[in-house]
Every structure is written in structure tokens, then in C-alpha cells.
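All remarks here apply to the structure that follows.
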Amino acid sequence: MTTYVGEAVDRVDGTAKTTGGARFSAEYPYPDLAHAALVHATVARGRITRLDTTAAEAVPGVIAVLTHRNAPPLKPAPRVTPLNLATLASGTSVNYLNTDEVHWNGQPVAVVVAESPEAAQEAAHLVEVAYAHLPATVDFAAAEPDAKPQKSNLIMSGGAVKGDPEAALAAAPVALDLRYTTPPHHHNAIEPHATTAHWADGRLTLHDGAQNIYWTRDHLAMRFGIPKDDIRVLSPFVGGAFGGKTMVWPGTILAAMAAKATGRPVRLMLTREGVYRTVGGRTPSTQRVAVGADESGRMTALIHTSVTLTGRVGGGPEQVTSQTRHLYDAAAIRVQQNLVELDVLSNTVMRAPGESIGTFALEATVDELAYRLGVDPIELRARNEPARNPMDGKAFAHRKLRECFEQGAKEFGWAGRNPEPRSTRDGRWLVGTGVAAAYHPSWQFPANVTVRLSADGTALVRCGFHEMGMGGATAQAQIAADALGLPVEAVTVEYGDTRLPTGPGAGGSAQTASVAAALVAACEKLTRLARALARRTPGAAGASYPEILRLAGRDSIEARVGSDTRLGTAVGQLRFAGKLMSDRRRWVKAACGAQFCEVRVDADTGEVRVTRWLGVFDVGRVINAKTAASQLRGGIVMGIGMALAEETLVDPRTGRIMNASLSEYHVPVHADVPAIEIRYLDDPDPTMPLGLIGVGEVSITGVAGAIANAVFHATGRRIRDLPITLDKLL
Amino acid sequence: MKDFAYLSAPDVPTALQAIARPGARFLGGGTNLVDLMRQNIERPDTVIDITRLPLDRVEELPGGGLRVGALVRNSHLAAHRAVRERYPMLAQAILAGASGQLRNMATVGGNLLQRTRCAYFTDLSAGCNKRQPGSGCDAVGGFNRNAAVLGASASCVATHPSDMCVALAALDAVVELESVRGVRRVPLTGFHRLPGDTPQVETEIAADELITAVELPALPVAAASRYRKIRDRASYAFALVSVAAAMHARDGVITDIRLALGGVATRPWRAHQAERELLGAPATEESFRRAAEAELAAAVPQSQNGFKIELAQRAITATLRQLLTEGGAA
């Protein structure tokens, strides 16, 4: 029975957030709270040769200035091992304030602790540091030709080949071989990263905006050499993250270190500039997409290669070519990702890492092929729609891409479109429309959950998952309410606390499905318990679950899925790995969609405005119509930024980010975003819990491709380098 | 932020006395100064709050001009009926800048003294002759997509960021300055200096002077005028190119013209060369284009901003075309 699942239920934390009642990590009061500020290195690579903290220490209110000379020891960042996924959490491998080495322009080289944030900031400004420069490679464009092929691992394959695509390309009657570039991006969550750290009796309490509180806990335990049970991480509200709060970045560690060194609770809220300097962003990329087709438009060759960067001190590959393994039924396919190491801050995950920029290059190429062939771009995609995964013949768990395009074409009014570039003009505006496919693999992670049902008719769901604004607690309350036959208001969901049963990280668009799987199982256990109780209780037959408890004289009953003991965790991870492997052997699972847009380009100045948007998505079953649509809409807004404006400017001479502010890094403003229509098929994926596929990332994919295609339709110009700024259209 | 003394001046004489203190700065809306203080680009010892001074009125001048007090808020000036009727380009220019919240705070006097948004000016680790004379200009050979193509020098290529000042340059506005030594008037077009080899000296204002008003002379041609701003997103971005234009044509011949450019020059740029070309010329697309080319003939691009030359020419042409076909906009 579903009463709430699928409905547009108001978010459970809406009132708290709109009234200021929701407390974020920088808002926890402690008596005796001290404030910290960072000093950032100004060279890309070097050694500290001189460090003078005299002036900083003289600022009234300064408690301590921590540098590599006096900071408490920190254990090195752990080596990555598949036996402990928390080892993946190191933002960088640098041993902050335990070394005189500088590995990126912006690395923290000192932390000031003071009685006020103002005093801390002022003292941070007065710390004098001189460096001996060491040779540094910071220019991605210059280093990119020296990239090395990415090695494959369990999580990500670096490359794959089917047939002989280069030969097929050379032989193809119609062929394109194109190069694309995308710049670095930053997440720009509205809440800057913030940590409040408090030590008592050797135990650490940490309020930290995080996407994986267990990774944060385990990582800090390794760095400070204490048992992980001595650390409690609380993160009930996170003001946006988009991947930027997945890893443990220096601010979190240094807040804990500063609190330890001073014996005071310490709050470290990064400045906006501090976020750019100490939290990684999306890698830049260069991409080659080549496609060959016969005259009917059937693809005979498809090649997609990429180069992305990692920091020499951390970061990882990005699955830029992922969607190209799944979207088109080409006879021969090659994908290969390549990497170059630079002396810059580690790259990190950012909304749809890989597919967001990979779909730009692929979908722009497909559009170009459609024009070359004189075939409608949607028709061309239909002609190349695979029945099975093109790379290896695996079954699709749920493949409704064609349906998305068909519904979208109908609602957008695609039929009868004049494909001729520059064919539509409205006053000074050249008008164009474009489409692109959206694609994002779906994941599922282990989750432990307890559900307690009380005789007063309420239920408590406990799971340490994360709420960064997407509505996770609301969705889980809906699921529990349906499973237990309760009103949704009667369900309380606790999350964002490492004392709770271990929840999944918020990543890979997997959190809702991961928690739902465990929650549904826990609710089934609970209702079995309740029915068993009913059988032993006179008069309880046919009673509601709370009524059964009352008749049986029980205050509450509880069910648990998963165990947080060491053994339980190991068994859980093993079971998860087993299921993941068997799932991956059987199916290719993904969310997908069709993006439709209209743009207007000023005929004189090249200014681009997006004026219409329709996204039709297959995300399986939707739990909350309102929050799901909002998340899908948010991804499109972010994609519009990526397409038209966003670019982190890294000075190729110094490796320094030169637009570390929201006034100079251009995210879309309201005036850049049209009304966005969202549709979803609401067709459950039978292989996923409750049939749901994640909605967090798929909608940013395809956006830049659709816009680039619409810009071509409007102007006749193919722009293959993001962002599509007006100077490229003059 | 460095600790500073704060005092609030009740009247102009008190403010003019107080500015004699070493390291003293006037504080208007604070929309630029406070940001720069947070970034340690500005580190005043004393901040003199002038927002209580009686300089917040827009007054009629004999003959149809306006006298705008230096503390009139940008939003107030943009909404002022006389401004919208007589100088629509000015209202448009103000509304094209910043955000509603910033315009509610920002003052007319402060807007004249805005500092550049060149990335190297606001990064203390970079070389910038404007911030630290003699430290070089890292924008040359660096990120200079936003830099100036007109009026730049070897020592500085930073643009003046104001939208409002572009309209004021076109409107023959006059800046009124007061100090203990008296009152003087400087035309807006002479108020901002070219960088030369002293880019740290940005205006004609002396260290002890206070902007008290901006005067707008009666200018009938301005009643049909436009401000066109071209930028990287639809709102809340500085101009790549902007054009303030007023034009009058009779029998197809241009009889009066005011033209100024923003985003392309080291100061609000009055397009004298283009005006000379246009006055008496036929009001046609060819004239507009020729005048635009003449104005930009002296332009010198940096490594990333060459597009501004073509963009400015197109923007001038498009704005004049729009004035001709659609008239001014209020």
C-alpha cells in the first residue's frame, strides 16, 4: 500500500530551515568557544624558509598561532585500501602543519586561534611566511599532452575496447573526429565548509558539514591516533555540498587540531576564498570524441578519450567516458581515460563526476553527426539505441531513454522543427533549440537502520545518513509511514550522527535507495514482530500495529537491519561487495533522461540566454514528487552554469586560483534560469529497492550538450570549449 | 580585519576636519570599502561614517539640471522621476549594476570611487602597481579577459568597474568636491585619471576632499537615451562592454550625440572620437559602425581581451541602431 510514496510531501525540516531553527556546523555554541582562521601558502610548490608570527601573536585576543614548528603531531594520511573504504577520504596526503613543504598554492601553512573570528582573521593576515620555490607543474593545457592511461580498479575502469574502432572510423562513409575542452569547476555550496571541534577527556565531538560522517570520523581517528569510538561527528544540516563535502579537507582536521592544541572548543568556518584554496573541485578535461556512421546513420565506430588531472598530493580519475559505454549501439567502441599529475590541490568529486562533462562532448558530437547526415538528432539516437549494453552485451536493468525522448519531443513541440541553423529570429535574438541525452549510473551502498514503533502510534527511524538539502529524511519518513501504516507526521527520522546505525555516504545518487533498502527490510521485520505479538495477545487480531502494542502492554518494539560491531560491519561490507559484483555482472543500471532547451543568442553581441527547458527523466519510482523535481531542477541549473559561465581560473604561472569568490566565479543567477519543466516516467526499476533510482546527479548530465546544440541551431556555430561565453560567438 | 577607530560625522565641517587624521577614510554605503577592508586591500586607521551628512537629496537646478547629493543611494537615484524622464540612460546604468541590496546601500559619491575588480588587484600575493606601486602588473600575461583595451599603460590595464559613471561621463556631469580649503568642481570626464605610470592615483580628488554632489546639466538630447550592458551572465556581473548613448537626428542627420563606454577602458570612457565622427553624419548603420571603428582605432588588446574591440564596435552600433529605431527607453 502506498499512501505517501510518490506524493509531494512537505519536507520535514522545512520549518526549521525557513525559521532559522536548523543549526549548521558553524552555529553550535560552546562556552569558551574560540575561533580559527587559516593562512594559505602563496606558492605552488616550495619550502617554508622564514616564518614570523610575532605580529600575529600580538593581535589582542589571539590564543595561539599554530605552524609546522609548534603544531601537535598528526599521523600521515592513510594508504588507500579496499578493506577500509574510509581510507579514500583523504582530501590530500599532506600532513598539515607537520611539514615545511608546500604542495599547492593555497595549502594551509598556519592556523590562528583567537577569541573572535575577526581577531583570528587579522592575525592570519599578519603571519609572515617566505618560501623557497621548487619547480612546479601547474598548467593543465601545457601538461595535458603528457597524460598517461588511467589504470583500471574495482570501482572504475580506465578504458575498454570492442572491435577495431580506429579502422572502422577510417572506413566510415561519414566520420567526425572532434576535440573538446572543459575548465575546472568548483561546487560553491551556499554554506562554506565549517567545523566546530570540542575535545573532552580525550574524546572529540565534531560538528562538521559532511557527506560521509563515518569517513570523517574514521579519518580523524587515523590522523589523531585514537579509537574511532572516541569521535562523534554530527552533521544534521548541511548547506549544500555537491561532492565538495565528501572527502576530509584540511579545515576539518585543522579545527580538531586547533581545539586539541588550545584546550578550547574551536570553530573554523572557511571564508569563501578559503573554500576555493583548500577544497578540491572538478578537474578540467580535454576530450576526443570520434564517430563513424553509415549513410543510414548507424554508428560503426565510436571513440571517446579524455585527459583529466589529479593533484600530486591526491585526487583521482574521473569517469569522463562512462556514458559512452552505454548510450549508443556502435559496432566498434573504444573508451580510454588518461591522467596527468599536477602540483595543484587534489581534484574531487563534483555532481556527476565524469558524466557531466563527458555527456557534453558525446552529445554535442552526436548532434553534429545528425546534421552531417541530415537526420533529426532524436531520430539518430533512436537508430542507435541499443537493446543490450553495447560494450559487453549485458542486460539493462531499466532502459527507458527512448520513452524519455518521445515524451519530451511531444511536450516540447519538437516535431516540425526547422533544423536549419540561423533559421529563426525574434528581433535581435537568434533562436535555437537543442536536445541531449542524460545518463548517470545508479549505485547502492550498505546501510544499517533501526526502526522503533511505539504504542503511542509514533515511529522512530535511525540511520546515520546525510541531509544536504535533497530531502532525504522526508523521503525515508514517507517510506516508513507507508510500511507501518502510520501518518507521515508520526514518523521521526534521526540522521547525521555517527552514534546512529551506520548510514551510507551521500554520493553517487545512492543514498535514498541505499537507506530505503534497509528501511523496508527493517519495517518488514518490525511488522512481523508486531504480527507475532498480535497472535499471542487476546483481542489483537486485526488491530493496528500501535494498538497491538497497547493491548500487549508493550511501550515499543524495535527492529534492526545491519550491525555496527566490527564483525557486523565486515560482514555487511562483504555482503555489499558480493551483491555489487553480482549486480554488475548481471545488469547495467542507470538513470537517464532527455534534455530539451531553447536558447536565444543576441545577433550583435553573442549573449546567450536560455529561455525554455524541459527535462524528461527515467529515475525509477519517485518517492517525493516535490523534492525529486526540485533536485532534478537544481542539476539543470548547475548544468546551465557549466555550459555558459562557470570556470575556475587557475593562473598557469603560479597555480593560484584567481577568481576565488562568488562575484568572479559566475554561477547562474536567477535571471539566467528560465522556468524549468520536469517530467519523470515514474516507472519502477525492478532491480532497485522500491524501484527507485537516484535523482541527485542525472539531471546535470546532458545540459551543456543540449545548450551547445541549441547554440549551434541558433547561430550555426559549434562551440566545443566550455563555457560558451559570448566572445566565442562573435 | 584591522582594528580601526570609527566616528560618525554629524556635519560636513566635522567630516572635513576628521579626514586630516592619518589613515582616515570616509565610509558611505560601504559596499566596496568594507569588502576591501575584509580582504586587507584597504586598512584604514579611522573610518569616518558620513551617512548622516545632509547630502542625500536630489535638487532641481535652474535651467532643468539636477544636483544629486553625494549620499543619495543608487537605488533612490535610479527610481527618481526626473532622472528617469530626463536621463533614462543613468537610471538604466544604475539598475544594470550590482544587486538590489547593494544599490540600496551604495552612494553616488562612493560609486565614483569604486576600485577595479581586476583579480590581481584583490589578491595580495600578486603583483599590482595600483595596489603596491612598483610590484608589477600580473594581469599582463595573466587573466586579462576583463582588462582594458583603451587608456591602459604598461603599468596597469585594469578597468574602471562602474556602470553609473559611464552614464555620467556621457551626460557631462560635474563632480563637486569640498575640503577645508573650499569647494571646487571637476567635470566627470576629467575626474578619473588614466593610469600612466601612477595607477595608484585614480582620481583628481585630494586626500582631504569630500565628494558632496554630482551635477547633471540640462541636456535635452538625453531624454532619448539608452544604456546597454554586455556581460557574462544576465545579472550581477561587471560589464565586458557597456555603452551609454543619447542621440538626436533631424532629417536623417545626427544633430546631437553623447556616447560613453564602460568595461573597455581604465576610466569611464567618453567616446569623443566617435562623437566627432557622428555629429552631422547621416544616422545610418554605416555611420555608426565607422564611428565605432574610429573610437576603437587606438585600442590595444591584451592576450585574452581582443574580443572587446569587436564587441565594443558591435555594441555601439547596436545601441545607436536601437536608439534610432526604437528611441530611448525610460
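A few points about this structure:
- Pairs where the first residue, in segment B:40-54, is buried (at least 19 other Cβ atoms within 10 Å of the Cβ) and the second is of a type in the set (Phe, Trp, Tyr), C-beta under 6 Å, 6+ apart: B:PRO44/B:PHE4; B:VAL47/B:PHE4; B:VAL47/B:TYR6; B:ILE48/B:PHE26; B:ILE50/B:PHE26
- Residue in segment B:302-320 that is of a type outside the set (Gly, Ala, Ser), in contact (Cβ under 8 Å) with a residue 40 or more places away in the chain, assigned to a helix (DSSP H, G or I) and over 14 Å from B:VAL264 (Cα atoms) present: yes
- Considering segment B:282-301, the residues that are in a helix (DSSP H, G or I) and more than 18 Å from A:LEU730 (Cβ to Cβ) include one that is farthest from the other protein chains (Cβ to nearest Cβ), namely B:ALA294.
- Taking segment B:160-197 as the range and being in contact with a Ser or Thr (Cβ under 8 Å, 6 or more places away or on another chain), surrounded by fewer than 19 Cβ atoms within 10 Å (Cβ to Cβ) and either on the phi < 0 side of the Ramachandran plot or hydrophobic (A, V, I, L, M, F, W, C) (or both) as the test, the residues that pass are B:VAL183, B:ARG193, B:LEU194, B:ASP197.
- Unmet requirement for A:SER442, which otherwise passes all of (1) at pLDDT 95 or above; (2) surrounded by 19 or more Cβ atoms within 10 Å (Cβ to Cβ): (1)
- Residues in segment B:151-194 that are away from chain A (no Cβ under 14 Å), of a type in the set (A, V, I, L, M, F, W, C) and in a loop (DSSP other than H, G, I, E, B): B:ALA152, B:ALA154, B:VAL157, B:LEU171, B:ALA173, B:VAL180, B:LEU194.
- Qualifying residue in segment A:587-604 (condition: part of a helix (DSSP H, G or I) and surrounded by fewer than 22 Cβ atoms within 10 Å (Cβ to Cβ)): no
- The residues in segment A:605-626 that are away from every other protein chain (no Cβ under 14 Å) and either surrounded by fewer than 23 Cβ atoms within 10 Å (Cβ to Cβ) or touching a Leu at 6+ places or on another chain (Cβ under 8 Å) (or both) can be counted, and the count is 12.
- A single entry from B:ALA218, B:ALA234, B:ALA206 fulfils the requirement of being within 14 Å of another protein chain (Cβ to nearest Cβ) and surrounded by fewer than 19 Cβ atoms within 10 Å (Cβ to Cβ): B:ALA234.
- Strands (runs of 3 or more DSSP E) wholly inside segment A:129-217 containing at least 2 residues that are crowded, with 19+ Cβ neighbours inside 10 Å: A:174-182, A:194-200, A:203-208
- Among the numbered conditions (1) touching a Lys or Arg at 6+ places or on another chain (Cβ under 7 Å); (2) under 21 Å from A:ARG653 (Cβ atoms), the only one that B:GLU176 does not meet is (2).
- Screening the candidates A:THR512, A:THR492 for the property of being crowded, with 24+ Cβ neighbours inside 10 Å, of a type in the set (Val, Ile, Thr) and closer than 15 Å to A:GLN476 by Cα yields one hit, A:THR512.
- Residue match in segment A:66-76 (condition: in contact (Cβ under 8 Å) with a residue 40 or more places away in the chain, among the small types (Gly, Ala, Ser), closer than 25 Å to A:VAL43 by Cβ and crowded, with 24+ Cβ neighbours inside 10 Å): no
- Checklist (1) over 19 Å from the mean Cα position of the chain (by Cα); (2) more than 14 Å from every other protein chain (Cβ to nearest Cβ); (3) under 23 Å from A:TYR665 (Cα atoms) applied to B:ALA148, failing item: (1)
- Residues (surrounded by fewer than 24 Cβ atoms within 10 Å (Cβ to Cβ), modelled with pLDDT of 95 or more and in a loop (DSSP other than H, G, I, E, B)) located in segment A:684-712: A:PRO684
- Output for segment B:179-199, where each listed residue is touching a residue at least 40 places away in the same chain (Cβ under 8 Å) and either more than 30 Å from B:ASN129 (Cβ to Cβ) or over 17 Å from the mean Cα position of the chain (by Cα) (or both): B:SER179, B:VAL180, B:GLY196, B:ASP197, B:THR198
- A count restricted to segment A:689-725 and to residues that are farther than 29 Å from A:ARG679 by Cβ and in contact with a strand residue (DSSP E or B) (Cβ under 7 Å, 6 or more places away or on another chain) stands at 2.
- Strands (runs of 3 or more DSSP E) contained in segment B:1-60 and holding at least 1 residues among the polar types (S, T, N, Q), out of contact with any helix residue (DSSP H, G or I) (no Cβ under 6 Å at 6 or more places or on another chain) and within 14 Å of chain A (Cβ to nearest Cβ): none
- Residue match in segment A:715-728 (condition: away from chain B (no Cβ under 11 Å) and outside any loop (DSSP other than H, G, I, E, B)): yes
- Flag if B:VAL241 is within 14 Å of chain A (Cβ to nearest Cβ) and either at pLDDT below 95 or in contact with a Ser or Thr (Cβ under 9 Å, 6 or more places away or on another chain) (or both): yes
- The number of residues in segment A:461-511 that are part of a loop (DSSP other than H, G, I, E, B), hydrophobic (A, V, I, L, M, F, W, C) and either out of contact with any Gly (no Cβ under 7 Å at 6 or more places or on another chain) or under 30 Å from A:ASP230 (Cβ atoms) (or both) comes to 6.
- In segment A:394-422, of all residues being without any contact (Cβ under 8 Å) to a residue 24 or more places away in the chain and among the small types (Gly, Ala, Ser), the one that is surrounded by the fewest Cβ atoms within 10 Å (Cβ to Cβ) corresponds to A:GLY416.
- The listed residue being closer than 30 Å to A:ALA44 by Cα and over 22 Å from the mean Cα position of the chain (by Cα), out of A:ARG600, A:ARG585, A:ARG653, A:ARG609: A:ARG653
The values are calculated or read from the model by the stated rules, or taken from the named source; none is laboratory data. Being a predicted model, the structure only gives us computed values, none of them experimental. When we count neighbours, we look across all protein chains shown, and the Cβ atoms used for this are built from the backbone with ideal geometry, even at glycine.
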